[in-house]
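> Shown below is the structure under consideration.
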Amino acid sequence: MDPTTQHQVVCFGEVLWDILPSGALPGGAPMNVAYHLKKLGAEPALITKIGLDDYGKKLVNILAESGVTTEYFQVDYERPTGLVYANVNNHQEVSYDIVYPSAWDFIEWKDEYTDLVDQSDYFVCGSLTSRNKESRDTLYQLLDIAKFKVLDINLRPPHFNRSHIEYLLQKADILKMNEAELELITGWFNHFQSIGDRIKLVQDRFNIETLIVTLGADGAIVNDHGKIYRHTGYKVNVSDTIGSGDSFLAGFINHLLKGSPVEDALTFGSGIGAFIATQKGACPQYEISQITELIHSNSHKKVQTVL
């Protein structure tokens, strides 16, 4: 990394509160990724927008305490800080009711973002912020500046549009999605039975270097430049799965920042994703040693090279 770079990773998009039966917890995929990157020793920046309300103030305080800069937060004087009503079923699977409009739907362009993003190693974004024109326009400008783009697909009906998703896919260097999202997107073009064929279709059609498919309790698959790696996951006692995929992505990116091979990035991403599933909410307090202990105690869980 260039020593003059202030922030190795810039995350863009929603910050919000997950409203659970047990109470409200901070969340939003870009915020979660930034939180975990900071916990892992990286220096992320987060571009977002909050409302002028108690929820917004609490998010600023939480991130300030965790060491994530709030310098690039905007304040919306009309719309509220984002809320998501999360419903957890008996299998600990979560469904979401995402409130619209929210402050993060109206992230404005600022000229200071040009140098911030241009000087970063990775730009991380999701598809959810493409649901509204103002944030979408800002996102598209940032994608034109970013050197290396990481897209975390987040298909929450009715908050996505096929044409916007395809545009984002065309821009991505690294793409992360779950199996249901892979099936939905490939269903637009063809009807494959094999997950490998589905991955190849997306990778070839959109010229994506690295494609990650998370498989929940069954681990994850990574196709990196045509080479396929598989981790079968770690068996843990699940508290909830909120933010597990976001922590996986943060762990994966953090290892790439350190120059680690894909196998190590996949192993650590799987480990942190499994550990966060044992905790309540997306941004719990933890030590890196807890992740490494989980991985070392399951040393028989090796990354398999499929091809």
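> Below 8 Å between Cα atoms, with a sequence gap of 6+, how large is the relative contact order for the chain in percent?
16 percent
> A further question follows. Quick one: which residues, 5 or more positions from D76 or on another chain, have an amide H under 5 Å from its amide H? H modelled 1.01 Å from N in the peptide plane, none for Pro or chain starts.
Excluding prolines and chain starts, which carry no amide H, the hits are I50, G51, L52.
> Checking the cross-link filter: which aspartates and glutamates have an alpha carbon closer than 20 Å to that of K57, excluding same-chain neighbours under 8 positions apart?
The qualifying aspartates and glutamates are E14, D18, E65, E71, D76, E78, D105, E108.
> Assuming R0 = 25 Å, can you tell me the calculated FRET efficiency for the pair N237 and T69, based on Cβ-Cβ distance, to the nearest 0.05?
0.15
> I'd like to compare 144-154, 271-281: which one has the highest average count of other Cβ atoms within 10 Å, and what's the full order after that?
271-281, 144-154
> If each DSSP helix of 4+ residues adds -39,500 (n - 2.57) and the sum is divided by the residues in the chain, what number results at 222 nm, nearest 500 deg cm²/dmol?
-11000 deg cm²/dmol
> Answer rounded, prolate or oblate for segment 5-53, using the Cα gyration tensor with square roots of eigenvalues a ≥ b ≥ c: rounded when a/c is under 1.5, else prolate when a/b is larger than b/c, else oblate.
Because a/c hits 1.5 or more and a/b fails to exceed b/c, segment 5-53 counts as oblate.
> Determine the dipole magnitude for the chain: charges of +1 sit on the beta-carbon of Lys and Arg, -1 on that of Asp and Glu, nothing else is charged, the reference point is the Cα centre, and the result goes in debye to the nearest 20.
The calculated dipole for the chain is roughly 700 debye.
> Next question, about the same structure. Starting from 0.36 nm per residue, how many nanometres of slack lie between F148 and A217 once their C-alpha separation is accounted for?
22.0 nm
> Which of the peptides 172-179, 210-217 is most tightly packed, and how do the rest follow, judged by the mean count of other Cβ atoms within 10 Å per residue?
In descending order of packing, they fall as 172-179, 210-217.
> Another question, if that's okay. When the chain is modelled as a GNM with alpha-carbon springs shorter than 10 Å, which of S270, S135, S297 fluctuates the most?
S297
> Is the shape of segment 47-206 best called rounded, prolate or oblate, per the rule: a/c under 1.5 gives rounded, else a/b larger than b/c gives prolate, else oblate, with a ≥ b ≥ c the square roots of the Cα gyration tensor eigenvalues?
oblate
> In the chain, what percentage of the DSSP-assigned beta bridges are antiparallel, given to the nearest 5?
Percentage antiparallel, nearest 5: 45.
> Still on this model: Please state the shape class of segment 9-305: rounded when a/c is under 1.5, otherwise prolate if a/b exceeds b/c and oblate if not, all from the C-alpha gyration tensor.
Note, shape of segment 9-305 comes out rounded.
> Please list, by residue number, every one of the chymotrypsin sites (Phe, Trp or Tyr not before Pro) in segment 25-79 that is coil in DSSP and has at most 13 other beta-carbon atoms within 10 Å.
Passing both the DSSP loop test and the Cβ count: Y77.
> Excluding same-chain residues fewer than 8 positions from K200, which aspartates and glutamates have a Cα within less than 16 Å of its Cα?
K200 reaches E166, D173, E179, E181, E183, E209, D224.
> Here's something else I'd like to know. Could you point to the residue in N161, Q285, V262 farthest towards the positive end of segment 9-305's charge dipole, with +1 and -1 charges on the Cβ of Lys/Arg and Asp/Glu respectively?
Selected residue: V262.
None of the figures in this text is laboratory data; all of them are computed from the coordinates on show. All values derive from a computational prediction rather than experimental measurement. Positions of Cβ are generated from backbone atoms using ideal geometry, with glycine treated the same way; all protein chains shown enter the neighbour counts.
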